[in-house]
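**Student:** Below is one structure. I have some questions about it.
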Amino acid sequence: MALLYKADPLRGERWRTLFAEQAPDIPWRAWPELGDPTEIRYLAAWQAPENLHELLPNLQVLFALSAGVDQLDLSRLPQNLPVVRLLDPGITQGMCEYASFAVLGLHRDMLRYRQQQAERRWQAHPLLPPHKRRVGVMGLGLQAKQILATLQPYGFALSGWARSQHQIPGVTCFAGSEQLPAFLGQCDILLCVLPLTEQTQGILDRQLFAQLPKGAALVNMGRGAHLVEQDLLEALASGQLSAAVLDVLEQEPAKPEHPFWDHPQILLTPHIAAMTQPDSAFGGLLDNIRRHQRGEPMLGQVDRQRGY
């Protein structure tokens with residue numbers, strides 16, 4: 001019942017140590033050293049190798065070393081192979097920290113002050129009370145709910161939107177395409193934490209931006225493919241949007257000539273909102289392996305139809 005690891009080699013050494021200390025009964029293999037491939041029952045990977053069913057004929061579970069699975073082409077994986085997302089509390093903590101930083105920075109006009117510093121201009125601007133700042137979150141999964149809970153003590157007017165109806169204390173919830181315009185119309189700061197699916201690809205486009213209040217700001221913590229980059233540049237140029245904090249791009253890393261690098265209204269970070277850490281993620285991964293060994297349902301198993 002060996003486990004094959006296929007991801008960052010440096011983090012892999014920490015994973016190897018944790019398994020040796022706490023689960024010595026599970027033989028550890030690190031890509032590309034497979035040993036006897038027929039012994040491998042579990043694959044923990046960022047991306048799956050080609051011809052998975054031929055390479056690992058007895059594979060029973062693919063554990064994605066990420067909170068999402070959009071980097072995997074699910075259509076090319078064996079249909080009967082369970083795919084399980086990584087439930088790492090460290091990822092959620094990182095997302096909450098980043099969301100707080102981004103929302104507070106936009107709320108307090110920090111991109112404008114950064115530009116003023118570069119211009120050596122000392123000028124204060126009026127401060128809007130938090131209860132008058134409307135913050136909306138697209139996607140109401142586990143991480144989004146934790147983000148909203150983290151933002152609540154600041155006193156912002158919070159709302160959330162998802163495909164299905166939710167009820168969250170202190171949050172005005174909207175659901176479905178019918179209620180999306182109403183949700184967008186009252187978002188001064190919009191956070192995208194949606195999963196990437198066929199339905200959400202390119203959702204942050206000029207049509208969506210036009211439904212936001214003039215001068216609204218955007219935070220994209222989802223995936224780069226959610227955003228139509230040219231539409232964002234046009235919205236910023238027209239004043240429809242005032243600023244954007246982006247942690248993801250469609251192509252990463254950004255090329256040196258990418259227009260976001262030098263844009264005064266964009267804060268760009270290199271996909272660091274949350275990063276998987278073996279020490280915080282190990283418990284959840286091992287628990288799911290034990291669940292599988294006992295024939296119990298695993299937590300975080302991906303619905304192939306929904307894509308997450």
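The values are calculated or read from the model by the stated rules, or taken from the named source; none is laboratory data. In this text, all values refer to a predicted model and were calculated from it rather than measured experimentally. FYI the Cβ positions are ideal-geometry reconstructions off the backbone, even for glycines, and counts take in every protein chain you see.
**Student:** Does residue 123 satisfy the criteria of being exposed (fewer than 15 other Cβ atoms within 10 Å of the Cβ) and touching a strand residue (DSSP E or B) at 6+ places or on another chain (Cβ under 7 Å)?
**Tutor:** It is false that residue 123 is exposed (fewer than 15 other Cβ atoms within 10 Å of the Cβ) and touching a strand residue (DSSP E or B) at 6+ places or on another chain (Cβ under 7 Å).
**Student:** Taking the criterion of being farther than 30 Å from residue 246 by Cα and more than 23 Å from the chain's Cα centre (by Cα), would at least one residue in the stretch 82-102 satisfy it?
**Tutor:** no
**Student:** Yes or no: residue 157 crowded, with 17+ Cβ neighbours inside 10 Å, within 24 Å of residue 241 (Cα to Cα) and either under 20 Å from the mean Cα position of the chain (by Cα) or not aromatic (Phe, Trp, Tyr) (or both)?
**Tutor:** Against the criterion (crowded, with 17+ Cβ neighbours inside 10 Å, within 24 Å of residue 241 (Cα to Cα) and either under 20 Å from the mean Cα position of the chain (by Cα) or not aromatic (Phe, Trp, Tyr) (or both)), residue 157 qualifies.
**Student:** So, one more: Do you know which residues across the stretch 166-200 are buried (at least 16 other Cβ atoms within 10 Å of the Cβ), out of contact with any Gly (no Cβ under 9 Å at 6 or more places or on another chain) and outside any helix (DSSP H, G or I)?
**Tutor:** If the condition is that a residue be buried (at least 16 other Cβ atoms within 10 Å of the Cβ), out of contact with any Gly (no Cβ under 9 Å at 6 or more places or on another chain) and outside any helix (DSSP H, G or I), then 175 is the only one that fits.
**Student:** Is it true that some residue in the stretch 266-286 is touching a His at 6+ places or on another chain (Cβ under 8 Å) and surrounded by 14 or more Cβ atoms within 10 Å (Cβ to Cβ)?
**Tutor:** No: the stretch 266-286 contains no residue that is touching a His at 6+ places or on another chain (Cβ under 8 Å) and surrounded by 14 or more Cβ atoms within 10 Å (Cβ to Cβ).
**Student:** With respect to residue 281, is the statement that it is at pLDDT below 95, assigned to a helix (DSSP H, G or I) and in contact with a helix residue (DSSP H, G or I) (Cβ under 8 Å, 6 or more places away or on another chain) true?
**Tutor:** Yes.
**Student:** Considering only the stretch 1-45, state which residues are under 27 Å from the mean Cα position of the chain (by Cα), among the aromatic types (Phe, Trp, Tyr) and either buried (at least 16 other Cβ atoms within 10 Å of the Cβ) or within 20 Å of residue 293 (Cβ to Cβ) (or both).
**Tutor:** Once the filter is applied, which keeps residues that are under 27 Å from the mean Cα position of the chain (by Cα), among the aromatic types (Phe, Trp, Tyr) and either buried (at least 16 other Cβ atoms within 10 Å of the Cβ) or within 20 Å of residue 293 (Cβ to Cβ) (or both), the stretch 1-45 yields 5, 15, 19, 42.
**Student:** Here is a follow-up. For residue 49, state whether it is of a type outside the set (Ser, Thr, Tyr) and under 25 Å from residue 224 (Cα atoms).
**Tutor:** It is true that residue 49 is of a type outside the set (Ser, Thr, Tyr) and under 25 Å from residue 224 (Cα atoms).
**Student:** Tell me the residue from 65, 104 that is in contact (Cβ under 8 Å) with a residue 12 or more places away in the chain and surrounded by fewer than 20 Cβ atoms within 10 Å (Cβ to Cβ), please.
**Tutor:** 104
**Student:** Now for a separate question. So how many residues does the stretch 46-71 have that are at pLDDT below 90 and over 27 Å from the mean Cα position of the chain (by Cα)?
**Tutor:** Here the count works out to 2.
**Student:** Could you give me the residue pairs with C-beta distances under 8 Å whose first residue belongs to the stretch 13-33 and is closer than 10 Å to residue 282 by Cβ, whose second residue is surrounded by fewer than 16 Cβ atoms within 10 Å (Cβ to Cβ) and of a type outside the set (A, V, I, L, M, F, W, C) wherever it lies, and which are 6+ apart or on separate chains?
**Tutor:** Hits for this filter: 14/279; 18/279.
**Student:** Of all residues in the stretch 213-261, which are among the charged types (D, E, K, R), part of a loop (DSSP other than H, G, I, E, B) and crowded, with 17+ Cβ neighbours inside 10 Å?
**Tutor:** Within the stretch 213-261, 223, 247 meet the criteria.
**Student:** Hey, another quick one. I'm trying to understand the selection: among the residues of the stretch 262-278, which are touching a residue at least 12 places away in the same chain (Cβ under 8 Å), of a type outside the set (A, V, I, L, M, F, W, C) and assigned to a loop (DSSP other than H, G, I, E, B)?
**Tutor:** Result: 263, 264, 265, 269, 270, 271, 276, 277.
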